[in-house]
Amino acid sequence: MKSLIALAAAVTLTAGAAHAGVVAPSKIYEFSGNLNEQNGGATATTTWGTTYQGSGETQGLKYARNDGPTILAPFKNPGIYSLEMYFSMDKVGGWQRIVDFSRHEAGIYAMSDSILFYGYNGTGADINFAPNQMLHMVFTRDSAGHFRAYAGGVEIFNVSDAFYGHAVFGDQMQLFNDRPGGSEAGTGFLDFARLYDRVLTQDEITQLYAGGTPLRAFDSISAVPEPGTWALMIGGFGLTGAALRRRRSLAAVAHA
């Protein structure tokens, strides 16, 4: 059983005096007509080819089932990082892998309208997202093994990953893939993925979300962002029940 944490948050974001706050990403994948990394890093790959959707800054990758992007050696330190993504899913329901850290059963999944970290029983959040609804998410892991997930600028869950290291990346990062041989994958749209070789703070993540429209200052790698000061008002969180994991055995990864 996996308990889900209800996200009941009212967020008010208002611009204030400008100040330097968010550092530029280490790697930027805009998926605007190609799989290139804007700093000249490793190009992402897919298996069966790519289809792009939209135009300009809103263009992104229309990923097929089990054909999201794979990024080699995503971070300098695979256990200390921040991963920022802006995406939508064509359908909401059943298990769909979002982040595969090391080709292991443990990872970040969507299940119905919830986000779960499979590998840590009871770790998840009901965020009430819907098909084709764009979702801004950030995942961080620090040197002490604290893993945190954010949606819409708000922390939705955290877990200690110090002992098992499920959130430490292997030699590659797979997004929206349940490979090899997995069936828990869906289809959708990935606007961008930004990788940081450091842990972003809550304030920085709030600024990146920018009140519903993710910060676009990084579209040009030479841009130096000076985001404004934001006020954040967060409502309460509560437990809303549990979800049964599916077909595969829990023995390998279900620990906490």
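Of note:
- Annotation: amide H-H contacts under 5 Å for Tyr63 (H modelled 1.01 Å from N, sequence separation of 5 or more, or interchain): Gly188, Phe189, Leu190.
- Segment Val199..Asp90, full-extension length gain: 36.2 nm, with 0.36 nm per residue of separation and the alpha-carbon distance subtracted.
- Segments 42-48, 105-111 sorted - mean Cβ within 10 Å per residue, highest first: 105-111, 42-48
- Other residues with beta-carbon under 12 Å from the beta-carbon of Phe147 carry, at +1 per Lys or Arg and -1 per Asp or Glu, a net charge of -1.
- For a modelled paramagnetic label at Asn77, 7 Å from Cα along Cα-to-Cβ, the residues of segment 23-43 in reach, with backbone nitrogen under 19 Å, are 23-27.
- Of all aspartates and glutamates in the structure, the ones whose alpha carbon falls short of 15 Å from that of Lys91, not counting any fewer than 8 places away in one chain, are Asp113, Glu184.
None of the figures in this text is laboratory data; all of them are computed from the coordinates on show. Fair warning: this is a prediction, and the values are worked out from it, not measured in the lab. Neighbour counts are summed over all protein chains in view; Cβ atoms, including those assigned to glycine, are modelled from backbone coordinates with ideal geometry.
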